[in-house]
1. Which value at 222 nm does the chain reach when only helices count, each DSSP H run of 4 or more adding -39,500 (n - 2.57), with the total divided by all residues and rounded to the nearest 500 deg cm²/dmol?
2. What does DSSP give for the chain in terms of the percent of beta bridges that are antiparallel, rounded to the nearest 5?
3. Can you work out D for segment 320-374 in µm² s⁻¹ from Stokes-Einstein, where Rh is the Kirkwood radius over C-alpha pairs, the temperature is 10 °C and the viscosity is 1.306 mPa s?
4. Describe numerically, in nm with one decimal, the distance between label points set 7 Å from Cα along Cα→Cβ at Thr154 and at Ala118.
5. Per 5 Å bin from zero, what fraction in whole % of the C-alpha pairs of segment 193-299 is there, up to the bin with the longest pair?
6. How much length, in nm to one decimal, is gained on full extension between Ala376 and Ala17, taken as 0.36 nm per residue of separation minus their Cα-Cα distance?
7. Tabulate in residue order the Karplus-calculated ³J(HN,Hα) for segment 87-98, using 6.51 cos²θ - 1.76 cosθ + 1.60 with θ = phi - 60°, rounded to whole Hz; enter x for Gly and Pro.
8. Which value, in Å to one decimal place, does the Kirkwood hydrodynamic radius take for segment 112-318 when every pair of different Cα atoms is included?
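Read-outs: derived from the displayed coordinates by stated rules, not from any lab. The structure presented is a predicted model; accordingly, all values stated were derived computationally and were not measured. Here the Cβ positions follow ideal geometry from the backbone for every residue, glycine too, while neighbour counts run over all protein chains shown.
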Amino acid sequence: MKQAASPFVMVHLDTPAGGLITGPVSVVHGWLAVEGTGAFDRVRLVNESGVTIPLALVNRPDVRAAQSGRATVGFSGWIDARRALDGPWTVRFEFGGRPHEASVELLADAAEADAFGAAKARKLARIEPLLRCPTCRAPLERGLPEPRCANGHTFGTAYEAFDLRDAELRSQLDRLPVHDVSAHGYDASLRDLIARSTGPILDAGAGLRPDYRDDVVNLEILPYPTTDVISSAESLPFADATFDVVISVAVLEHVRDPFAAARELERVLRPGGHVFAAVPFLQPYHGYPHHYYNMTAGGLKNLFAGCEVEHLGVPASGRPIFLLSWMLQAWRSQLPPAAAHDFEQMRVADLAVDPMMLVDRPFVRELPEAANEELAALNVLIGRKRG
Ligand SMILES: [Zn+2]
């Protein structure tokens with residue numbers, strides 16, 4: 001059969017619901033369905049002026065099941081509400097090597113978008129006196145178009161934030177995909193800690209915060225619209241004892257020196273202030289861009305030896321089901337189709353056995369090396385001493 005000139009293309013947005021953006025920034029989650037067979041590539045949002053917002057591809061078995069006979073894929077990214085005002089928007093993508101597009105309704109509230117811009121400008125002005133040079137800890141000279149410290153170290157201005165990365169980190173990280181985002185709200189115990197705080201709060205590794213708060217300094221290594229300070233976590237650009245609460249959620253597994261990063265979090269915390277730190281124990285490899293050290297509860301406690309522990313436990317978002325479902329989804333999505341089908345038919349009882357009974361099964365043998373690394377029970381290193 002000849003390929004039709006304009007094949008059936010369906011685009012659906014799950015988030016924002018109804019295409020209506022209600023906050024300063026919105027996660028964009030949705031899916032595409034196309035008649036035919038082929039692979040999806042370069043999925044992105046584009047407006048009439050050519051502004052392009054890249055979207056990451058996401059596995060969506062629910063859509064695959066509901067749209068049987070069609071090729072489907074999920075996508076994920078985010079959009080700044082101020083940017084969203086410049087519509088109309090289309091989703092463009094390549095399918096089977098050919099370009100396609102479909103219009104999508106994406107609306108934002110202009111007043112709310114303006115309010116976000118004003119709130120951000122007010123907050124950045126309040127943050128400026130708290131900043132110190134990450135290299136020499138000298139105060140920053142204030143009110144200059146390009147931030148610099150009293151000793152002449154200069155910093156970037158490319159984003160609507162204080163960019164206090166050094167030149168090397170900036171050049172590494174400017175090549176990373178900012179659209180592959182971590183966007184989470186605060187859990188109940190953290191909201192409680194924030195509510196009881198009497199001074200400034202640092203969220204060191206905030207990701208994209210759908211809720212932009214006046215009292216929280218959002219620090220992140222990549223520039224999201226809600227980022228206030230762009231900096232590495234291993235040398236925080238603040239004076240000692242600046243904050244009443246410091247937050248570090250799913251960050252310390254990504255730093256080369258978690259002991260140094262924890263000392264930095266303690267340094268910028270005022271005596272009597274609270275640290276809220278969450279670090280994975282049993283979680284598969286996830287880069288963003290690197291992933292070094294997972295920790296037990298004891299390891300996490302040891303990291304913050306300068307703090308008296310008020311609570312040490314498993315949050316709702318850290319229950320074992322999050323490990324099991326992550327593991328199973330990542331495993332199934334990387335198997336060849338026949339092995340993936342067999343894998344899906346297995347019962348828990350088939351899996352809860354001596355693993356030596358399963359090592360020759362296709363779902364084990366045919367798992368690609370990248371998936372073995374992502375989901376490994378163990379890594380091994382063989383080294384040879386230099387010199
Ligand atoms: Zn300096």
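1. Numbers: 12 runs with 97 residues, N = 387.
After summing the helix terms and dividing by the residues of the chain, the value is -7000 deg cm²/dmol.
2. If I count the DSSP bridges inside the chain, around 70 percent turn out antiparallel.
3. The estimated diffusion coefficient comes to 136 µm²/s.
4. Placing both labels 7 Å beyond Cα along the Cβ direction yields 3.4 nm.
5. The calculated distribution, bin by bin, is 2, 13, 23, 25, 20, 12, 4, 0.
6. 125.5 nm
7. Running phi through 6.51 cos²θ - 1.76 cosθ + 1.60 with θ = phi - 60° gives x, x, 10, 10, 8, 10, 6, 10, 9, x, x, 10 Hz.
8. Values: mean 1/r = 0.0572 Å⁻¹.
It is 17.5 Å.
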